[in-house]
Amino acid sequence: MTNNRLISFAFLTALATGTAIAASDIIKIDTGKLKGVTADGVVSFKGVPFAAPPVGNLRWRPPQPAASWTGIREASAYGPDCMQLPFPGDAAPLGVKPAEDCLYVNVWVPAQQPAKKLPVMVWIYGGGFVNGGSSPSVYDGSHYASKGVVFVSFNYRVGRFGFFAFPALSKENPAEPHGNYAYMDQIAALQWVRRNAAAFGGDTKNVTLFGESAGGMSVLTLMTSPMAQGLFQKAIIESGGGRTGIFPARYLDHPNGATPSAESVGLAFAKKNGITGDDDAALAALRKLPAETVVDHLNMAGMAMQAQTYAGPMIDGKVVVDTPEALYAAGHGAKIPLIIGANSMDIGFNHWRTIEDLLAQFGPDRDKAKAVFDPTATGSVGAIGSAVSAIQIMIEPARFVARAIAGLGEPAYEYRFSYVAESMRRQWKGAPHATEIPFVFDTVEARYGDKLAPADKSIAEAANTYWVNFAKTGDPSGGALPQWPAYKADTDLLLDFTEKGPVAGPDPWKERLDLVEAAIKK
């Protein structure tokens, strides 16, 4: 028998006898054979192309099929993360150099696999849609694999490579979707998972999609995209918003009030680079721009300063047909089990000059809001404004989405991540944006090193296990973990990851969220 036939025979024998088998570090997927790396009970396959390099004439095109190869491809190192200017303060710094050729996927599997197919978890990184990649050490999937999961991460185009509209693009291939190339990459990666997960021992009918920040927003968007229907069966959204009002919707080819169309933003970028017109010649010139010129210093630190020439996500009518808020408010969107939540000191921006400016938005509830948000009458508009903004941007929207999913008859589980690593408690009054990531991945050693405390590791083990339980069964509870109650609008129960451990109960911030919700609905 050939090596592949021996592996298949062993796998079929295991299915018949119910015994575990050793996962091979050489497998065959739809484009060729891969050789992975085995370490600490996990086999990893890194830098596997899931689409053709999006360069040259494929810049600003939907992802095209990856080329096949002969022989055995080494899959021992990450491929390049997507082209960007790295952000110095990134909570998940890149591990490799970015490049425009970046559409690669990574897979971790347990070295000893049971006879039954394993659940699949697919991760989408954050980074404000302008930064991020799959190579950061805190995104290592080994702990998921060691708990019996096929774990997948991948790269998607960011910045102007991921979101760009131009009149000639819409005319070039009219049947194709345009503009949201980042979302198209994500969908292509999920399609790759559907085609290939079984080769890694995964169950293509039990896929959990999860992400944080821009990755969480992506998960929510894909839950409402016609092009992503059926590609995943459960979802986890970490600090991924859910409301539209803070960030007005942008359309591909027409303005939305004061928000210009994405095409007009693309024209402004072309003009900045000395490219006039909106025809094929102008598009060809744009595609010839060096990658560094397309980046043009765009990253999370300078996004606001580039609003005239960078569009970000848009409603294109094919990939994105409306905002997730509007679709779920109307009872549309995927009806699947969900975990969703945000951090206790999540991302927020104070944009009010005075306390009175801040309180004015609450109208008749002004005095109640003052008592709730400024109980000690500090009058610090910066601190109070950031806290209110975090609830508006991340925390109340998470509850909105949990309510929407529960209202559709699917189990929803809300969380708040309040845990602060012991070494950071003098600096942080709560858990900042993205600080839950090394805990849900159980990669806290990579984040905190020799400052790691036993309590940090304990919370990481609990958080990672909740996420794995959900991927396996659709219910995060199990084993010795505290029970995580499903969300219901009439009880507002959630699970709070605190310095005393995971604690379930009514949301202690319910009054704050209710005030923000009432102000949104005005």
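Overview of results
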quantity: Whichever residue in the stretch 135-184 is of a type in the set (S, T, N, Q), in a loop (DSSP other than H, G, I, E, B) and within 16 Å of the chain's Cα centre (by Cα) and, among such residues, is surrounded by the fewest Cβ atoms within 10 Å (Cβ to Cβ); calculated: Ser135
quantity: Qualifying residue in the stretch 467-484 (condition: surrounded by 14 or more Cβ atoms within 10 Å (Cβ to Cβ), touching a residue at least 40 places away in the same chain (Cβ under 8 Å), more than 29 Å from Pro136 (Cα to Cα) and not basic (Lys, Arg)); calculated: yes
quantity: Flag for Tyr448 being under 23 Å from Ile347 (Cβ atoms) and either acidic (Asp, Glu) or under 19 Å from the mean Cα position of the chain (by Cα) (or both); calculated: no
quantity: Filter result for the condition that a residue is modelled with pLDDT of 95 or more, outside any loop (DSSP other than H, G, I, E, B) and under 30 Å from Phe164 (Cβ atoms), over Val43, Val48; calculated: Val48
quantity: Verdict on Ala390 being in contact (Cβ under 8 Å) with a residue 24 or more places away in the chain, in contact with an Asp or Glu (Cβ under 7 Å, 6 or more places away or on another chain) and either exposed (fewer than 15 other Cβ atoms within 10 Å of the Cβ) or part of a helix (DSSP H, G or I) (or both); calculated: yes
quantity: Flag for Val193 being crowded, with 24+ Cβ neighbours inside 10 Å, touching a residue at least 60 places away in the same chain (Cβ under 8 Å), under 28 Å from Ile405 (Cα atoms) and under 19 Å from the mean Cα position of the chain (by Cα); calculated: yes
quantity: So Gly331, is it outside any helix (DSSP H, G or I) and farther than 17 Å from Ile237 by Cα; calculated: yes
quantity: All positions within the stretch 334-378 that are among the basic types (Lys, Arg) and outside any helix (DSSP H, G or I); calculated: Lys335, Arg353
quantity: The stretch 490-511, subset in contact with a helix residue (DSSP H, G or I) (Cβ under 8 Å, 6 or more places away or on another chain) and assigned to a loop (DSSP other than H, G, I, E, B), residue nearest to Asp456 (Cα to Cα); calculated: Glu499
quantity: Single residue of Val401, Val420 found to be within 20 Å of Leu495 (Cα to Cα), part of a loop (DSSP other than H, G, I, E, B) and touching a residue at least 40 places away in the same chain (Cβ under 8 Å); calculated: Val420
quantity: Subset of the stretch 277-292 (residues that are assigned to a loop (DSSP other than H, G, I, E, B) and out of contact with any helix residue (DSSP H, G or I) (no Cβ under 7 Å at 6 or more places or on another chain)); calculated: Gly277, Leu289, Pro290
quantity: Any hit, the stretch 95-106, residues being among the hydrophobic types (A, V, I, L, M, F, W, C) and surrounded by fewer than 21 Cβ atoms within 10 Å (Cβ to Cβ); calculated: yes
quantity: Pair list, Cβ < 7 Å and 6+ apart or interchain, from the stretch 329-343 residues that are under 15 Å from Val440 (Cα atoms) to residues that are of a type in the set (D, E, K, R) and part of a strand (DSSP E or B); calculated: Ile340/Glu414; Gly341/Glu238; Gly341/Glu414; Gly341/Arg416; Ala342/Arg416
quantity: Test: residue in the stretch 39-50 that is hydrophobic (A, V, I, L, M, F, W, C) and more than 26 Å from Ala235 (Cα to Cα); calculated: yes
quantity: Matching option when the condition is among the small types (Gly, Ala, Ser), in a helix (DSSP H, G or I) and under 25 Å from the mean Cα position of the chain (by Cα), among Ala249, Ala326, Ala268; calculated: Ala326
quantity: Qualifying position, being at pLDDT 95 or above and surrounded by fewer than 22 Cβ atoms within 10 Å (Cβ to Cβ), among Asp278, Asp346; calculated: Asp278
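The values are calculated or read from the model by the stated rules, or taken from the named source; none is laboratory data. What you see is a predicted model; the values in this text were computed from it and never measured. FYI the Cβ positions are ideal-geometry reconstructions off the backbone, even for glycines, and counts take in every protein chain you see.
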